[in-house]
Structures are given as C-alpha cells and as structure tokens.
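Okay, structure first, notes after.
The values are calculated or read from the model by the stated rules, or taken from the named source; none is laboratory data. Everything numeric in this text was worked out from a predicted model, so none of it was measured. Cβ coordinates were reconstructed from backbone atoms using ideal geometry, including for glycine residues, and neighbour counts include every protein chain displayed.
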Amino acid sequence: MLSLLLHMHQPDYRHPRTGVPIMPWVRLHGTRGYRDVPRIIAETGARVTVNLVPTLIEQIDRYAAGGSDLHLDLCRRNADTLSAAEAGWFVEHALHGSPRAFEWFAGWGALRARRERGDRFSVRNLRDLQVWCNLAWFGATALEDHPTLVRLRRKGEGFTEEDKGFVLDVQRACLGELRALYAGLPDVTATPYAHPIVPLLIDSGHASRNLGPFDDPGFRAPQDALDQLVEGRRAVGAWIGREVHGLWPSEGSVSPEALDLFAGAGFRWFAADNGVLARSREEGSGPVWQVGPMKALFRDHGLSDRVGFVYADHPPEAAVDDLLMRVGDRRVFLALDGENPWESYRDAGAGFMRELFGRASLTTCGDLAAEPATGRVHALHTGSWIQADFRIWIGAPEDQAAWRLLRKVREAFESSAQPEEARRSLWRAEASDWFWWYGPEFTTPFAGEFDVLFRAHLADVLEKIGAPPLPELGVPVAAGVSPGTVPVGPVFPGRGDFFAWSGAGVIPVTTGSMAPGPGWPAHVHYGWAGERCVFRLVGAGGAPVAEGWRGELAEPEGESPTLVLWTPEGRRVPESGSWPLRRPLRRPEG
C-alpha cells in the first residue's frame, strides 16, 4: 500500500514594493502540474495527499483575479509595439524552461537556437516567442480540454495575435479553476506561511547539530516560527474550506524544538525524510511513528526520488511496474515536489500518474497517520530531507551573511510597533528560497533576481516600521553579483520601477570642493534595462532632488561605462574623473 504526498511550492516572486511578480513560474506551473495533479486525482478517485504553501496560493489567487507579471505584460503587447529595449529584455528572459521541452517542440527550440546564434529577432519571431513561452508549459489536462492548443503546437511558428490571445485566455482560465480543484481533494496538508526552515528560525545555532562547528549568524526567533506555522495552517484551511491537520514542514526540516511548535500550532501529524529517522533514536517500525505528542510519517527517500528523477525516462506502465515491484507488500510513504518533476515527463507526467493512481492501493497520508503508531521516536534528529542537514540554507558564508542581515532587520522590527504589514514582509524574508540559491550548491540564471527579492523584503520591513535603511541592503549578498549587475527591469513609460531598484548599484555622491546645495542627491542608483543604463538620484534621508539634473554616460571602447552628473546650473559632478559602473552594457538581441 502506498501513501503519496505531492508538495506544491514556488517562491514568492512578488516584489514587495509593487506586488508584481518578477518571475513567471507560478503562472506557468498553474497550467501544468498545479492543474494536472488535482484533475487526475479527481478523475481517478485516487486517495492522494497534496501539500500547499500560503504564499503560493496567494500568487495563484492574484493571477486568477487577472493579475500580471513582467513577462506577461510583454506577452500581452502586440509584438510590433515592443521597443528595442523591451524586445531585448524579453528575448533574454523568456527562453527558459525544461531543456527537454526545447527538444520536444521544434518551434520552441528554434527560437532558443536563434538566440544562442545571436540572430536578430523579427516581429514575427517575437510574436512566436510570446506564444511559445506560454504554450510550451500546458499540461495534459489543458491540452485535452482545449484541442486548439494541440493544433497551435503543431503549427509551430507564424502565430497571429489571435493565436496568442487564445493561449493567454486559456492560461488565465486554468489558473481560475485551481482553488475549486484543490477544495475537492481528499486530503490537503500545509506548510508554514512563507516556507521557512522552522528549526533555523527557532535558533540558527541548532544547525551545528548536523553541520558541526560553523559561523553561527545568531538568528533566534521562535515566535516567528510559531506564527508562520499557525498562519500556514489557517490560510490553507481557509482556501480549501476545511480544517487542516497534517504538516509538511518546509524542506522536511525538523528538530525537537520544532516538534513542540508543530503541536502548538494545532497540527496532529507531520512528515519528514527517512534520513532523519535513520539518525534518530527509535524503536519499533513504521509506517506510523509516535514522536512526542504527534504522529509522524517518514518518506522513503529512494523511491520518492525515482518518481521525481528516474521514471520520466520510462514508459508509464514500465515505470509503475518497477515502483510497485519495489514496494512489494510493504506500506510505503512517498513525498516529492508536486510540480517540478513533471517538466521532465513527455506528457507532463499524466500517463505515469494515471497508471499509478489506477493500479496502486493508495491511502491518504491523513488516513495513514490516524492509524495507531507502530514505532516510537525517542530522540528526533535535527535535519531536513536533503542529506538530513541544513547545509544548503546556512552552511556557506553567503548563507550566513544573509542570515545576519535577516537578524539585524528582525531586531529592528522587534524594537518597533510591529505593524502587521511589516510582519508579513519579515515572514517572506524568512523563506527558505533565498538561502537555497546562496552558496555553491545550486546555480540559476536568476540568482540576481532572488537576491533582489530577499533584500527588497528586508528593506520593506524597515520602511514599514519607519527605521533607517541598512547600507548593506544596497549590496548584493550573492557572490558574483556586483552592485548594478542585476537588471533594474524593463523601464516602460508610465509603469514605474518594477524592481524598486533593489538590485541597483549605489554610488555615493561626493562633491569635491563644491558645497552641496539644496536639492542635491546623496546617492545615484543605477542598473540596466535592455541596452540602456537607467539611474535615479536619491536625496539624503529621502529628501527631494531638484529638477534639472542630468547624467552623461560614456562607454570607451573596450572599457566599462562611466557616469558623470551635471547640476541644474551646469556644474560637473564629480569635478574630475567619473564614476565607473560595475559592468559593461548588455546589448539586446534583435
């Protein structure tokens, strides 16, 4: 017998200043894994458990209500109205997805090949890209419900604005269906509000239990951990319309101290990894364990990974044959990501899920956890579902620097009136996702964007409590991301600054022998929008800067660009020399 938990999670991509997501992955997964999984569970009547994260469902609701993001804004525009800067930014950012998808869909792959060759993107190419960066993501159930999507995939190129409009309309409709689909599932569990590593929120020093001696950043906020657990359970329950009893702690992270908070937040059972169980002191056997006041399920790590990383390369029937052979007559608990694995399956995993759900004897995790415990854990190991430790999130100097920034902002919040809006921003800054991408373990072309979002949430906390900004928040945490190397975002007339300049370079304005007058800037913030350098002038303490200032950008051949300012009266700042900017200008494709 199998119990299966599928964990639905994406980072919170919304910039705190604007509420606009700066990456599109929630929207795109919403037409594939987020829709296919509940639809196929309902279709087959399978007793499968799905886990939800509140910051994910908030983003889903925003899209369902018609909300947009940076990528979608450009997709909605007529391709022939995109400026060179907009087109360059879009070509750079829209050609991402599963490497296999570029092989499966010739039109999609041809666009990536065009970019890699450095070929110009015509209006026709741009429109095809607007369509493909959405069309490639649809899962099996959307294709079955909307056969025109299949026809468009076969068409491959030369799409019209009407084709694009159809794709975007179906996409929004899919997102609008999700809440009702999840409300109808047989079993739903929750994760703490913003997906934090709860044991590290309680005491970052507890990582030494699985890492050994390390440079502890000294973060301790057990109340935040409890609050996020309580809000996670409340928010997911409100979304599906019934009480939630089960907990998937973020990244399967547990500790003895966290266990007390799990119970205190009202959860009856939790799930973790069998690597944690193997390092705990226990007696008896599973599948149901008593751990203090709670029941626990420990996933079969190896079999879970076969679903996530192996079976995509096998026909569904053969894959399920293998899985059921390995399970045998045991009672086995599996837990894995609920959306990411299906990117590697040719049919977005639908064939495998239908085969498994139709053949396996399945019981929900909640039903399993309600059974009498057959084993007891006397001393729970502190660790996660990855190597049973916390190295990914706090083991590298970058991780620890980020935790120290978080600690400073948390201390400022603690000394304030603690407005609720600031508390929410603090919770989002405590998410595991930012720390996942710091350090050497993982790489992404969007490391700069993740760094931007982390620091933006911290800056937002300080702004909401009326505290002065921290200078450190103007400098990227991520190694290899210099100030000013992260795009500020496409600067569109009338749309404001999407990235709120969190990733911008910061230049202190020094005046030499000139006395700064009223309305002088204290800093220049600069960044990149397509091929353009964009900058803004910031007065001391937020004071307004006088009108009439202008900047002059020079780009000597083979050298980094430089910037000088001119006052409204025509004086040069600085008087001699110029400010070097930290990277060459990027030229857009097309």
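Observations, loosely collected:
- Elements of type helices (runs of 4 or more DSSP H) in region 274-331, at least 1 residues being on the phi < 0 side of the Ramachandran plot and either of a type in the set (D, E, K, R) or modelled with pLDDT under 95 (or both): 301-309, 316-327
- The condition (being in contact (Cβ under 8 Å) with a residue 24 or more places away in the chain, on the phi > 0 side of the Ramachandran plot and surrounded by 18 or more Cβ atoms within 10 Å (Cβ to Cβ)) is satisfied by just one residue among His206, His195: His195.
- Taken together, the residues in region 341-363 that are free of Cβ contacts under 8 Å to residues at least 40 places away in the same chain and either assigned to a loop (DSSP other than H, G, I, E, B) or more than 30 Å from His314 (Cα to Cα) (or both) amount to 1.
- Candidates Met8, Met1, Met23: the one that is of a type in the set (A, V, I, L, M), surrounded by fewer than 23 Cβ atoms within 10 Å (Cβ to Cβ) and within 15 Å of the chain's Cα centre (by Cα) is Met23.
- When region 110-129 is filtered for residues that are in a helix (DSSP H, G or I), surrounded by 18 or more Cβ atoms within 10 Å (Cβ to Cβ), in contact with an Asp or Glu (Cβ under 9 Å, 6 or more places away or on another chain) and not basic (Lys, Arg), the ones remaining, listed by number, are Leu111, Asn125, Leu126, Asp128.
- Residue match in region 26-47 (condition: closer than 26 Å to Arg331 by Cβ and in contact with a Pro (Cβ under 7 Å, 6 or more places away or on another chain)): yes
- In region 1-49, of all residues being in a loop (DSSP other than H, G, I, E, B) and of a type in the set (Val, Ile, Thr), the one that is modelled with the lowest pLDDT corresponds to Thr18.
- Among (1) among the aromatic types (Phe, Trp, Tyr); (2) buried (at least 20 other Cβ atoms within 10 Å of the Cβ); (3) over 23 Å from Asp215 (Cα atoms) - the single one Trp403 does not satisfy: (3)
- If the condition is being in contact with a Lys or Arg (Cβ under 6 Å, 6 or more places away or on another chain) and closer than 18 Å to Leu95 by Cα, then region 11-32 contributes only Pro21.
- Taking region 296-318 as the range and being within 30 Å of the chain's Cα centre (by Cα) and among the charged types (D, E, K, R) as the test, the residues that pass are Arg299, Asp300, Asp305, Arg306, Asp313.
- Note on region 364-398: residues that are assigned to a loop (DSSP other than H, G, I, E, B), crowded, with 19+ Cβ neighbours inside 10 Å and not hydrophobic (A, V, I, L, M, F, W, C) amount to 6.
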